[in-house]
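Below is the structure I would like to discuss, written out as structure tokens.
Nothing in this text is a laboratory measurement; each read-out follows from the coordinates by a stated rule. Predicted, not measured: the structure shown is a model, and the values here were computed from it. Cβ placement follows ideal geometry from the backbone for every residue including glycine, while neighbour counts extend to all protein chains displayed.
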Amino acid sequence: MDPGPDHPWTSTAINNLAQALRRREAEPLYRQSLAATEAKLGPDHPSAAYILLNLAELFVEQDKFAGAGKLYERAAHILAARQGANHDHTRQAWERLSGLYRSMGRSREAKWYARSMAER
């Protein structure tokens, strides 16, 4: 059985390959995986959020902090809407965003996200 280029299994394989590369070559693969996932499962599917988190981590490694923050935030919103605000994956996404802001010296935003998580 050939699942084809738009099949979720293919998207998962591409995402896994990008994780293994973790260099400049990984970004196009993450973007390809994200596009295929969004096309088949929708832009607000948790699988898309996990790819966004992986891409954000890559951006952090490349010092692309502003882009990473946007990706973390989008992923966290997707996970909160689909899995709930108290789900472990949702909380981890918000924690990553808070940690990124803290490392960037944006303590106000970091504290706000940390406080918001504690209140949930």
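Give the relative contact order (percent, whole number) for region 8-119; include only Cα pairs under 8 Å separated by 6+ residues.
17 percent
For the chain, what does the helix formula give at 222 nm: sum of -39500 (n - 2.57) over DSSP H segments with n ≥ 4, over the residue count, nearest 500 deg cm²/dmol?
-26000 deg cm²/dmol
Sticking with this structure for a sec: Roughly how many debye, to the nearest 20, is the charge dipole of the chain about its Cα centre, given +1 on each Lys and Arg Cβ, -1 on each Asp and Glu Cβ, and no other charges?
The dipole of the chain has a size of about 520 debye.
Using Cα atoms only, what is the angle between the long axis of helix 8-21 and the major principal axis of the chain, expressed in degrees (0 to 90) to the nearest 10?
The answer is roughly 60 degrees.
Run the reach check for residue 111 against aspartates and glutamates, Cα to Cα strictly under 17 Å, same-chain hits fewer than 8 apart removed. What comes back?
73, 95, 119
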